[in-house]
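Input: a single structure, listed below in structure tokens.
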Amino acid sequence: ELKVEQNPLFLSMQEGKNYTIYCNYSTTSDRLYWYRQDPGKSLESLFVLLSNGAVKQEGRLMASLDTKARLSTLHITAAVHDLSATYFCAVDMGDDKIIFGKGTRLHILP
Amino acid sequence: GAVVSQHPSWVICKSGTSVKIECRSLDFQATTMFWYRQFPKQSLMLMATSNEGSKATYEQGVEKDKFLINHASLTLSTLTVTSAHPEDSSFYICSANRGVTGELFFGEGSRLTVL
């Protein structure tokens, strides 16, 4: 059974600081997703990582994937308040069935 | 713009009634769609895989008679919560694979409150 573990589950940080969210998964997969969810809303796709060593960046967010270590990271650079949200990683089990981590609730203090 | 649309966004119903939630792929055909359930401040839990033209595949612990899924066309899947009870109150989200990019898109979600 595939397990997806995120840490930390809750993160409070000051604006302007950098931080990293980690996503570990237990079995082989060739596709990993990062999503953002605002309160009361659905999921917004941030990144799709398809291969070992993949790195993608969008604004202050950068995601990477190490399939050998079964680890993905979401790095936040110089955080701003607008990035406050819950971030989920999700791993493809095959046939597009994906399993989500528990999510990281990010709260950025002004 | 949205590529997967859900309706309704909000629904309140009395206990014992049935509620239908629709999930549509707007500009592509989706032979497979997925239904998730999310409780407050928790993660998404996969309920079932909806397969066009065949029976849905339910995850362990999900009552198939309680959560009826129909995928009658390549652009529409429906989830019907039958004889709803307060414990069925939740946020239900569907998703579909657009295919070209390998990316899964999610609907806006449907918040069900059972009184």
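The values are calculated or read from the model by the stated rules, or taken from the named source; none is laboratory data. Computed from a predicted structure; not experimentally measured. Counting neighbours? That spans all protein chains shown, and the Cβs are built from the backbone with ideal geometry, glycine included.
Taking only segment B:76-100 into account, find how many residues are farther than 21 Å from A:ASP95 by Cα and outside any strand (DSSP E or B).
Residues that pass the stated criteria total 8.
Among the candidates A:ALA90, A:ALA85, single out the residue that is surrounded by 21 or more Cβ atoms within 10 Å (Cβ to Cβ), under 15 Å from the mean Cα position of the chain (by Cα) and among the small types (Gly, Ala, Ser).
A:ALA90
Against the definition (loosely packed, with under 13 Cβ neighbours inside 10 Å, modelled with pLDDT of 95 or more and assigned to a loop (DSSP other than H, G, I, E, B)), how does A:GLY16 come out, yes or no?
It is true that A:GLY16 is loosely packed, with under 13 Cβ neighbours inside 10 Å, modelled with pLDDT of 95 or more and assigned to a loop (DSSP other than H, G, I, E, B).
Just a yes or no: is a residue in segment B:13-21 part of a loop (DSSP other than H, G, I, E, B), surrounded by fewer than 13 Cβ atoms within 10 Å (Cβ to Cβ) and on the phi > 0 side of the Ramachandran plot?
Looking through segment B:13-21, at least one residue is part of a loop (DSSP other than H, G, I, E, B), surrounded by fewer than 13 Cβ atoms within 10 Å (Cβ to Cβ) and on the phi > 0 side of the Ramachandran plot.
Take segment B:69-108 and flag every residue that is at the interface with chain A (Cβ under 8 Å from one of its Cβ atoms), in contact with a Lys or Arg (Cβ under 7 Å, 6 or more places away or on another chain) and in contact (Cβ under 8 Å) with a residue 60 or more places away in the chain.
Passing the criteria: only B:PHE105.
Looking at B:GLN6, B:GLN42 in this structure, which one is part of a loop (DSSP other than H, G, I, E, B), surrounded by 13 or more Cβ atoms within 10 Å (Cβ to Cβ) and of a type in the set (S, T, N, Q)?
Criteria check complete, one pass: B:GLN42.
Can you say whether A:ALA69 is on the phi > 0 side of the Ramachandran plot, assigned to a loop (DSSP other than H, G, I, E, B) and not basic (Lys, Arg), as far as the supplied structure shows?
Judged against the criteria, A:ALA69 is not a match.
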